[in-house]
Amino acid sequence: MSMEGRTCVITGSARGIGRGIAQHLGEKGANVVINYRSSEGSAHEAVEAIEAAGGQAVTARADVSDRAEVEHMLEVCHEAFGPADVLVNNAGITADEQFTDMSREEWDRVMDVNLGGMFNCTQVFFDDIWNADEGRLINISSVVGKQGNFGQANYATAKSGMFGFTRTIALELAKGGSTANCVAPGFTATDMLESVPDAVLERIISGIPLERLAEVEDIAAVVRFLASEESSYVTGEVIDVNGGMDL
């Protein structure tokens, strides 16, 4: 599943799952656009890691909820590598609160970034993906979008909304020979879980049949398959990578 010569834009890729995806694709030969909003230092570190592995990468600062900034990211991509072949909508935020105490501002902000950002990036890069040879749209959702999670009504709703969006865009991209799929990771060993108390983490792991958290590499490998030419007959799918949490 070589990524040689394919240009991949990964939103929210300075840290966590997004960074793991970006570095994995870059190490496999892709030209990578590392998108960040505030983690500039981490974004440059990701570029250095890809270049050290023999790949090519550039950074592109953009708040995905801001259409003008996303359009600038398109320009950065085109100037560095030409049109994108693969767009991975990974950028997202949380604003956790029990629903009865959740403010409309907390609701709207999560929707603006997680769903609005996906809308902006997909629409801005749509022509690139449509015209690409084996174009790929990959949306990163979450097991929370399928199962819900206490205190995350906004986040769960946004992540669930990605499923319907993905299936619809898959239909619209099909005539151009490109695909759209969704990856729904389970709980993953990133810095986001570092603040979770040990007792809570143990309870989470006890509910996973494989009895471990996902590693970033577990998610990145699935994304690489979907981004490759080998996945050409897979579209409109939601692929769970959660250690069996739905069993």
Hey, any hits in segment 67-81 for a residue that's modelled with pLDDT of 95 or more and assigned to a strand (DSSP E or B)?
no
Scanning segment 109-129 residue by residue, those small (Gly, Ala, Ser) and buried (at least 21 other Cβ atoms within 10 Å of the Cβ) turn out to be Gly117
Just need a number here: residues in segment 138-148 that are part of a loop (DSSP other than H, G, I, E, B) and surrounded by fewer than 22 Cβ atoms within 10 Å (Cβ to Cβ).
1
So is Ala57 part of a strand (DSSP E or B), in contact (Cβ under 8 Å) with a residue 12 or more places away in the chain and crowded, with 21+ Cβ neighbours inside 10 Å or not?
yes
I'm trying to understand the selection: among the residues of segment 149-158, which are assigned to a loop (DSSP other than H, G, I, E, B), at negative phi and open to solvent by less than 50 Å² (accessible area, probe 1.4 Å)?
Gln152
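Yes/no matrix, rows are residues, columns are (1) surrounded by fewer than 24 Cβ atoms within 10 Å (Cβ to Cβ); (2) closer than 26 Å to Gln152 by Cα; (3) under 12 Å from the mean Cα position of the chain (by Cα):
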residue: Cys8; (1), (2), (3): no, no, yes
residue: Ala14; (1), (2), (3): no, yes, yes
residue: Ala22; (1), (2), (3): no, no, yes
residue: Glu27; (1), (2), (3): yes, no, no
residue: Val32; (1), (2), (3): no, no, no
residue: Arg37; (1), (2), (3): yes, yes, no
residue: Glu40; (1), (2), (3): yes, no, no
residue: Leu74; (1), (2), (3): yes, no, no
residue: Gly92; (1), (2), (3): no, yes, yes
Just one listed residue, out of Ala62, Ala52, is within 19 Å of the chain's Cα centre (by Cα) and without any contact (Cβ under 8 Å) to a residue 60 or more places away in the chain, and it is Ala62
Which of (1) out of contact with any strand residue (DSSP E or B) (no Cβ under 9 Å at 6 or more places or on another chain); (2) surrounded by fewer than 15 Cβ atoms within 10 Å (Cβ to Cβ); (3) farther than 30 Å from Asn31 by Cα does Glu230 not meet, given it meets every other one?
(3)
Taking segment 164-220 and keeping residues farther than 24 Å from Ser39 by Cβ, open to solvent by 40 Å² or more (accessible area, probe 1.4 Å) and polar (S, T, N, Q) leaves Thr168, Ser206
Name the residues in segment 235-247 that are in contact with a strand residue (DSSP E or B) (Cβ under 7 Å, 6 or more places away or on another chain), open to solvent by 40 Å² or more (accessible area, probe 1.4 Å) and in a loop (DSSP other than H, G, I, E, B), would you?
Thr235, Glu237, Asp246
Among the residues of segment 130-137, are any touching a Pro at 6+ places or on another chain (Cβ under 7 Å), surrounded by fewer than 23 Cβ atoms within 10 Å (Cβ to Cβ) and over 18 Å from Val223 (Cβ atoms)?
yes
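The values are calculated or read from the model by the stated rules, or taken from the named source; none is laboratory data. In this text, all values refer to a predicted model and were calculated from it rather than measured experimentally. Please note: Cβ atoms are built from the backbone with ideal geometry, for glycine as well, and neighbour counts cover all protein chains shown. SASA here: full protein model, heavy atoms, side chains in, ligands and nucleic acids out. Shrake-Rupley method; radii C 1.70, N 1.55, O 1.52, S 1.80 Å.
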